[in-house]
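The values are calculated or read from the model by the stated rules, or taken from the named source; none is laboratory data. Keep in mind the model is a prediction, meaning the values are calculated, not measured. Neighbour counts run over all protein chains shown; Cβ positions are idealised from the backbone, glycine included.
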Amino acid sequence: MATRRLATLVLCAALAGCGTTSSGHRADPPAASPTTASTGPSPSPAPTPTATTHHLPSAGAIIADPAARLEAYSAVPGHPRRRISEWYLCRDRHCYHRTYALAVSGDGFRTLHVVGVGASRVANGWYLEPAGPDHFAISPNGGRRSLVDLAGHVTPIEVSGPAGPVAAREVAVPGSKGHWLAVDPDTGKAHPLSVPAGVEEVRTTPSGQLRALTLGHPRYFWSADGGAAWHEIALPHLDPGQWAELVPTTSDALHVLVVGGENTVFPWERVLRSDGRTWTSYDGPSDPTGYIDTSVALPDGRLLMDVGGWSDQRGSRPSVNPLGLWGGPDWAHPQPLPQGAPFAGRGVGRPEPLVVDTVLTPGSVTIYAQTPARTGVVSSADGGETWRPVRSR
């Protein structure tokens, strides 16, 4: 969601060292040669991250530059070699202004295509998400979406007609300003997705079940037929000012929400879990309060939460609790989870995963995270216990 990414940026600015630890990481494999038979980035030099520039480098030069840093990454569920990544170079010493470029691949970045959007000065980068098996939806700053195929061709999404459910070839993707769309990825044609009034968050399970949530005064719905009919699971009482967010699950029989107060970052106050009929509530930590970036329910029943900050952190003084992945099989008593390289270590100060994508299939969850130096991607299929390098350009 756009609000979550903006919240993460606010949190990283407010809390020292958010996702930028540079020690203890495993080197990525050698980068694939960024060329294809039809197009590829120029090998010409690009500005270093500390240089002030007046002319934008080409998108290909950004992707090829060793100084470029990874901003976002996404993979197609069930097809992990179909990937898209976003890279940036800084245009001032403090990196307040960045220039972005996108690369896409259908073969795990053995070859890549530069996405034809040019080098971009968008304020908060591009948002990337799968849109069917052969496309990604991209949007600057979380605004209007376009489609990108595996060859890097960009197709604007054209919206028309009345609201309706997801049809045979369509997929549900976010629109702009909280609206949701049913899109045919092959044509770019779309119509508004039929959702209950007030819905601002929608997720799709691996089987295609839709889940929807209203904000402000949360209500929860699900649909097994693409949005033609919606079923509500009444929520327990929430205090005034409490919001909820959808937590992805691999099972249509398991529904999960994380609940917290209205804020620029999302406080972890409790987790709600339902079998489709009633909810069970699990209180989160209250002193200090944790702030959640990403959550997911694993197929083996464990809850996994990426804690990006704590309320007792002040400037350069860290929290008494570690950042990174928390959870476990006991949802009432989540614990910081042991993690392998490049995030190995215990306690405060260890490098923490900055999760960039969570990909679900009916029987698996794969977590993708930036390397501590933001120069590549690692993935974990076991809840963060072990990580392996993944090509990202």
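What the table below lists for this structure:
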item	result
Those strands (runs of 3 or more DSSP E) lying entirely in the stretch 95-142 with at least 1 residues among the basic types (Lys, Arg)	98-105
Selection within the stretch 230-258 - touching a strand residue (DSSP E or B) at 6+ places or on another chain (Cβ under 6 Å), on the phi < 0 side of the Ramachandran plot and free of Cβ contacts under 8 Å to residues at least 24 places away in the same chain	231
Filter result (in a strand (DSSP E or B) and either among the small types (Gly, Ala, Ser) or touching a strand residue (DSSP E or B) at 6+ places or on another chain (Cβ under 7 Å) (or both)) within the stretch 60-79	69, 70, 71, 72, 73, 74, 75, 76
Output for the stretch 143-153, where each listed residue is part of a loop (DSSP other than H, G, I, E, B) and either at pLDDT 95 or above or not small (Gly, Ala, Ser) (or both)	144, 145, 150, 151, 152, 153
Test: residue 205 is touching a Pro at 6+ places or on another chain (Cβ under 9 Å), under 24 Å from residue 358 (Cα atoms), modelled with pLDDT of 95 or more and in the same structural domain as residue 364 (by TED's automatic domain parsing)	no
Residue in the stretch 316-323 that is modelled with pLDDT under 95, touching a Phe, Trp or Tyr at 6+ places or on another chain (Cβ under 7 Å) and crowded, with 17+ Cβ neighbours inside 10 Å present	yes
Residues of the stretch 201-211 satisfying the condition of being more than 14 Å from residue 173 (Cβ to Cβ) and surrounded by 16 or more Cβ atoms within 10 Å (Cβ to Cβ)	205, 206, 209, 211
Boolean, residue 108 is surrounded by fewer than 21 Cβ atoms within 10 Å (Cβ to Cβ), touching a Ser or Thr at 6+ places or on another chain (Cβ under 7 Å) and at pLDDT 95 or above	no
In the stretch 359-380, the residues that are of a type in the set (Phe, Trp, Tyr) and over 13 Å from the mean Cα position of the chain (by Cα)	none
Residues of the stretch 221-260 satisfying the condition of being more than 16 Å from residue 278 (Cα to Cα), not assigned by TED's automatic domain parsing to the domain that holds residue 282 and not in a loop (DSSP other than H, G, I, E, B)	223
Within the stretch 293-306, tally of residues that are free of Cβ contacts under 8 Å to residues at least 40 places away in the same chain and part of a strand (DSSP E or B)	0
Considering residues of the stretch 264-280 that are surrounded by 14 or more Cβ atoms within 10 Å (Cβ to Cβ) and farther than 19 Å from residue 319 by Cα only, the residue nearest to the chain's Cα centre (by Cα)	271
Residues within the stretch 247-284 that are of a type in the set (A, V, I, L, M, F, W, C) and within 15 Å of residue 216 (Cβ to Cβ), tallied	3
Which numbered condition residue 225 fails, given (1) buried (at least 16 other Cβ atoms within 10 Å of the Cβ); (2) in contact (Cβ under 8 Å) with a residue 60 or more places away in the chain	(1)
Only one of 185, 218, 192, 196 that is in a loop (DSSP other than H, G, I, E, B) and either surrounded by fewer than 18 Cβ atoms within 10 Å (Cβ to Cβ) or in contact (Cβ under 8 Å) with a residue 60 or more places away in the chain (or both)	196
Failed item in (1) buried (at least 18 other Cβ atoms within 10 Å of the Cβ); (2) of a type in the set (A, V, I, L, M); (3) within 12 Å of residue 82 (Cβ to Cβ), with residue 151 passing the rest	(1)
Some residue of the stretch 246-261 being within 23 Å of residue 293 (Cβ to Cβ) and charged (D, E, K, R)	no
Count - residues of the stretch 199-210 that are touching a Ser or Thr at 6+ places or on another chain (Cβ under 7 Å) and in a strand (DSSP E or B)	3
Residue match in the stretch 68-76 (condition: of a type in the set (D, E, K, R) and under 23 Å from residue 205 (Cα atoms))	no
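Per-residue answers, yes or no, for (1) in the same structural domain as residue 291 (by TED's automatic domain parsing); (2) surrounded by fewer than 18 Cβ atoms within 10 Å (Cβ to Cβ); (3) more than 27 Å from residue 105 (Cα to Cα):
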site	(1), (2), (3)
326	yes, no, yes
375	yes, no, no
379	yes, no, no
386	yes, yes, no
392	yes, no, no
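Quick grid of which residues meet (1) under 18 Å from residue 116 (Cβ atoms); (2) of a type in the set (Ser, Thr, Tyr); (3) within 22 Å of the chain's Cα centre (by Cα):
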| residue | (1), (2), (3) |
| --- | --- |
| 57 | yes, no, no |
| 65 | no, no, no |
| 80 | no, no, yes |
| 87 | yes, no, yes |
| 93 | no, no, no |
